[in-house]
Amino acid sequence: MTPIQLDHTARLLAEMLTFKQPADSVLSAYFRQHKKLGRQDRHEIAETAFAALRHYQKIAAALRRPHAQARKAALAALVLGRSVNISQIQDLLDEEEQTFLGNLKARKSEFSDGLATAAELPEWLIERLRRHWNDDDILAFGRSVSRPAPLDIRVNTLKNKRDKVLAALQNEAADAAATPYSPWGIRLPTKIALNKHELFLDGSVEVQDEGSQLLALLVGAKRGEIVVDFCAGAGGKTLAIGAQMANKGRIYAFDIAEKRLANLKPRMTRAGLTNIHPERISSEHDSRIARLNGKADRVLVDAPCSGLGTLRRNPDLKYRQSPESLAQLLQQQHSILAAAAQLVQPAGRLVYATCSILPEENEQQVERFLSEHPDFELIDCAALLAAAKTGLDTGKYLRLDSAAYQTDGFFAAVLQRKAV
């Protein structure tokens, strides 16, 4: 790391470590303000900043207020998160910083004594997880999400075939491989600049975690059906469902955020999809939704959630969520699921999903829904995934985690409205 890169990293962390805004938003805004930074500079700055987030518990144990000592936090991230030897950055250090890093390295074994620092999880989350897991499980989870995620992409079957795309990508990244479960996925442990790649620009591929791809598989949409993506966001799953339907039928992509839906529109065009109809709604109770009551063949509810399954990509979320924000999310999930259920026709399918690993957001929400909606029944995810020849069996629910499956943490339940 150069002195200029270190200076920029420290300035970035001074804001990022307040946890007032999403880390990726802070990073994007910073790079927009500093357009002269080159590609390698941006890579070093971003990697070190996110290493600081992934190792924040250890850094906070060594520094009283990390955001107020951001340069030291950046140096600690290099040593703890990026495995840089102190001798490699000797020229960047003054005497005090040299002493600080020496003490930090000496304390490395001490950090494994406490579960918070060993698992890199805040106390509120450890307390919550202990309701369901033992400490060994918590430690395994924490360590699995403290590592950077690979780049997963989905091949758009309307434009290309996975084998053909994989062969092309292996010329640039020899470690590229087909994902083990999704029939459309490719995993790139060594990341490439995909947003300027011809396969991305021509709509052949989209960035999408394998777990997210499997959610679309569980929706099981067919040509000519009416499908609703109730919380579409920027539309990654919407696009996968559209390709699954071979561009036949109609997909309603609802979301409360105009900006997210605006991001979906150019992606639709690039993917060659014309059967998607984005629509902003004010809430799950928007009167415009009622026109679809009892008419949808499939409804996907990728519910707003804590995001704790995505900590490999969004390590700041564990510090931006809290017991209070989780309580609000639980109420919101219950309300959205009940509203979305009204759209499902008899014998139609409702898929409830989150990118969380907390049973409160997952199994418990589904059990509550079923107790309140006797006209719905649970469909076995294992049977659906077996029929799709995925080779994956996580039981009646889809439960994915980074440690066991190398995906983000995902949960899904498939519910079916009973035929009249």
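The values are calculated or read from the model by the stated rules, or taken from the named source; none is laboratory data. Remember, it's a predicted structure, so these values are computed and weren't measured experimentally. Glycine gets a Cβ as well: all are built from the backbone with ideal geometry, and neighbour counts include every protein chain shown. Calculation scope for accessible area: heavy atoms of the full protein, side chains included, ligands and nucleic acids excluded. Shrake-Rupley method; radii C 1.70, N 1.55, O 1.52, S 1.80 Å.
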All-pairs alpha carbon distance profile, region 145-287, 10 Å steps from 0, percent:
12, 41, 33, 12, 1, 0
Built amide H within the under 5 Å cut-off of Phe376, gap 5+
Lys418
For a label point 7 Å from the Cα of Asn160 along Cα→C-beta, name the residues of region 384-411 whose backbone N is under 19 Å from it.
none
Would you please put 33-40, 109-116 in order of how densely packed they are, using the mean number of other Cβ atoms within 10 angstrom per residue and starting with the highest?
109-116, 33-40
With +1 on each Lys and Arg Cβ and -1 on each Asp and Glu Cβ, how big is the dipole of region 1-114 about its Cα centre, in debye rounded to the nearest 20?
400 debye
Which whole number in µm²/s is D for region 212-266 by Stokes-Einstein, with the Kirkwood Rh taken over Cα pairs at 20 °C and 1.002 mPa s?
192 µm²/s
Just by accessible area at a 1.4 angstrom probe, what is the order of Thr99, Thr274, Thr310 from largest to smallest?
Thr274, Thr99, Thr310
Beta carbons within 10 angstrom, averaged per residue: use that to sort the peptides 352-363, 285-296, highest first.
352-363, 285-296
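Enumerate by residue number the GluC sites (Glu not before Pro) in region 169-264 meeting two conditions: DSSP loop (anything except H, G, I, E, B), and at most 15 other Cβ atoms within 10 Å of the site's Cβ.
Here the sparse-neighbourhood loop sites are Glu172.
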The farthest towards the positive end of the charge dipole of region 375-420, of the residues Leu385, Tyr397, Ala412, given +1 on Cβ of Lys and Arg and -1 on Cβ of Asp and Glu, is Leu385
Region 315-368 and region 201-239: distance between their alpha carbon centers, rounded to Å:
19 Å
Quote the relative contact order of the chain in percent (integer), defining contacts as alpha-carbon pairs under 8 Å separated by 6+ residues.
13 percent
Order of exposure, largest accessible area first, which applies to Thr2, Thr390 with probe 1.4 Å
Thr2, Thr390
Just the Cα atoms of region 254-318: what Rg and Dmax do they give in Å?
14.8, 40
Efficiency by 1/(1 + (r/R0)^6): what FRET value for Arg39 and Lys418, r their Cβ-Cβ distance, R0 = 60 Å, to the nearest 0.05?
0.60
With only Lys, Arg, Asp and Glu charged, each at its Cβ (+1 for the first two, -1 for the last two), find how big the charge dipole of the chain is about the Cα centre; round to the nearest 20 debye.
1260 debye
Could you provide, to the nearest whole Å², the per residue accessible area of the chain with probe 1.4 Å?
44 Å²
Roughly to the nearest percent, how much of the accessible area of region 1-142 is carbon and sulfur, given a 1.4 Å probe?
45 percent
Net dipole in debye of region 172-264 [+1 Lys, Arg Cβ; -1 Asp, Glu Cβ; about Cα centre; nearest 20]
260 debye
Nearest 10 degrees, 0 to 90: helix 323-341 Cα axis against the chain principal axis
20 degrees
Most fluctuating residue of Asn275, Asn195, Asn156 in a GNM of the chain with Cα springs under 10 Å: which is it?
Asn195
FRET efficiency estimate (nearest 0.05) - Cβ-Cβ, Thr269 to Asn293, R0 30 angstrom:
0.50
For a quick check: with amide H placed at 1.01 Å from N, whose amide H comes under 5 Å from Leu415's, ignoring anything fewer than 5 positions away on the same chain?
Leu350, Val351, Tyr352, Ile379
Please find the FRET efficiency linking Ala29 to Lys222, where r is the Cβ-Cβ separation and R0 is fixed at 60 Å, and quote it to the nearest 0.05.
0.90
Mean Cβ count within 10 Å, highest first, over the residues of peptides 397-404, 135-142, 83-90:
397-404, 135-142, 83-90
How high is the relative contact order of region 317-420, in percent, with contacts defined as C-alpha pairs under 8 Å that are six or more residues apart?
33 percent
Kindly write out, for region 395-401 in residue order, the coupling ³J(HN,Hα) from the Karplus curve 6.51 cos²θ - 1.76 cosθ + 1.60 (θ = phi - 60°), rounded to whole Hz, with x marking Gly and Pro.
x, 5, 10, 7, 10, 10, 8
Kirkwood Rh and Cα Rg combined as Rg/Rh, region 347-398:
0.98
Given Val301, Leu329, Leu317, which one lies farthest toward the positive end of the charge dipole of region 286-338, if we put +1 on the Cβ of every Lys and Arg and -1 on the Cβ of every Asp and Glu?
Val301
Rounded to one decimal in Å, the inverse mean reciprocal Cα-Cα distance for the chain, i.e. its Kirkwood radius, is 22.8 Å
Can you pick out the pairs among Lys191/Lys248; Lys20/Lys265; Lys159/Lys196; Lys20/Lys196; Lys72/Lys318 whose Cα atoms lie more than 27 Å from each other?
Lys191/Lys248; Lys20/Lys265; Lys20/Lys196
If all Cα-Cα distances of region 48-157 are sorted into 10 Å bins from 0 onward, what percent lands in each bin, rounded to whole numbers?
13, 41, 28, 13, 4, 1
Phi-derived 3J(HN,Hα) across region 80-94 with the Karplus relation (6.51, -1.76, 1.60, θ = phi - 60°), rounded Hz, x for Gly and Pro, is 7, x, 10, 6, 7, 6, 4, 5, 6, 10, 3, 5, 8, 9, 8
Cα-derived Rg over Rh, computed across region 4-93 with Rh taken as Kirkwood radius:
0.94
Points 7 angstrom from Cα along the Cβ direction at Ala338 and Arg147: gap in nanometres?
4.2 nm
